[in-house]
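One structure is given below, encoded as structure tokens.
The values are calculated or read from the model by the stated rules, or taken from the named source; none is laboratory data. Please read these numbers as outputs of a predicted model, since none were measured by experiment. Heads up, the Cβs are rebuilt from the backbone with ideal geometry, glycines too, and the neighbour counts pull from every protein chain shown.
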Amino acid sequence: MSLTFDLLINACIAFSGFYVIARILQLKRARLFTKIFSGVLGGVLGYLLMELTIPLENSVILDLRHLPVLLFAIYGLHLPLLISTVIIASMRFVFGITDAAVVAFTGMMLLGFLLYQAVKLMKKYNIPWWIKIGILNVIALLVSVGVLIINLYNHPMLWKVLPVFVLVALIAGLICSVMTADLIALHDLQALHEQSSNTDFLTGIGNTRFWDGELNIVQRKGIKQSIGVMLFDIDHFKSVNDIHGHDNGDNILREFARILNEHTENGDLLARIGGEEFVMLVQDKSLTQVEEQAEAIRKAVESHKFLLKGGSSLFITVSIGVHYERAGNSKLNINDAKFKADKAMYEAKNSGRNRVRISTTQKERRIQ
């Protein structure tokens, strides 16, 4: 009874550690530092499980140190899995350099390797979630049981300990899997909600919230390179809605957004900020490059045949206002640049529409 109770306490400690690690992973799962830090925490958790271990015979200790490694395998995270494996395996020698410790070290390294390879294969072949969990749990259990059998080989205690360990380790592994699956599902749901709240429902590009958020990030990092802010307004769009209907107007907006998206490059930010108004931020380009990009968009829109319901089509034009700031302006505020681009866009409309108006801190000019 005492052995079962001690293993259950070990499992509860592991579950508490899992929650902390999972929350850290969900903050910024893609960042290298977060993965390394999580792997180290997993290693520390494995060591803590060994500290609160169940001592047996012949310097053999019994615990659930394999669970943190299993957690990272379920997440599909290679780097934390490898880091935690090495730490947990190495920390076994803190409790004495014995034959049992060498076997435990070898077993943990083998477990990490097998789980790593299993995760790679399951990603490659897109194995269903429930099969993935089953395979990873079986691998972890078989290796752990193998280590226990080797260390207690021909010892009468083996057959008293083994059934209890298998039962508790299996249940703990399954609970670990369910907890991890729930936390991943919760994270994905939060990410989906965040994405939908930052995406324009009609065009699928960024909305005003996305634009403001990305601008804050860019502004906080400090603007060390040149920037260009482009504002786009579809000419006579109200007439398009009035004559052809709002459904056709929505189709035109979607197609217009697609054209803009095709003319973005790495690092460009694109958003819809009003009915027929769109904005783009380009960075680290010369004035000539920004002019050419804006003019390419204008020509692409002008020459594009927008299909309407019923099989008819329509040609539209766009007025584009651009404000350009060269690198080195430490006091640059992108919202101010957007305001100047807005003025340039209205100048383009007032001077005949279907043109690009460029404004910089030094000069203004029109491109037809």
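Details
- Within the range 104-153, the set of residues being buried (at least 18 other Cβ atoms within 10 Å of the Cβ) and farther than 19 Å from Leu81 by Cα comprises Val147, Leu148, Asn151, Leu152.
- Residue in the range 5-21 that is surrounded by fewer than 19 Cβ atoms within 10 Å (Cβ to Cβ), within 21 Å of the chain's Cα centre (by Cα) and not acidic (Asp, Glu) present: yes
- Residues that are of a type in the set (S, T, N, Q) and under 21 Å from Asp212 (Cβ atoms), drawn from the range 330-353: Asn333, Asn335
- For Ile131: the one exception among (1) more than 28 Å from Leu32 (Cα to Cα); (2) within 25 Å of the chain's Cα centre (by Cα); (3) in contact (Cβ under 8 Å) with a residue 24 or more places away in the chain: (3)
- Val229 vs. criteria over 30 Å from Ser286 (Cβ atoms), out of contact with any Gly (no Cβ under 6 Å at 6 or more places or on another chain), among the hydrophobic types (A, V, I, L, M, F, W, C) and surrounded by 12 or more Cβ atoms within 10 Å (Cβ to Cβ): no
- Of all residues making up the range 219-276, the number that are within 19 Å of Phe201 (Cα to Cα) and among the basic types (Lys, Arg): 3
- In the condition set (1) in contact with a Leu (Cβ under 8 Å, 6 or more places away or on another chain); (2) closer than 22 Å to Ser359 by Cβ; (3) loosely packed, with under 14 Cβ neighbours inside 10 Å, Asp268 is compliant with all but (3).
- Restricting the range 72-103 to residues that are surrounded by fewer than 21 Cβ atoms within 10 Å (Cβ to Cβ) and among the polar types (S, T, N, Q), the residue that is farthest from Leu45 (Cα to Cα) is Thr98.
- In the range 304-333, the residues that are buried (at least 21 other Cβ atoms within 10 Å of the Cβ) and either modelled with pLDDT under 90 or more than 34 Å from the chain's Cα centre (by Cα) (or both): Val318, Ser319, Glu325
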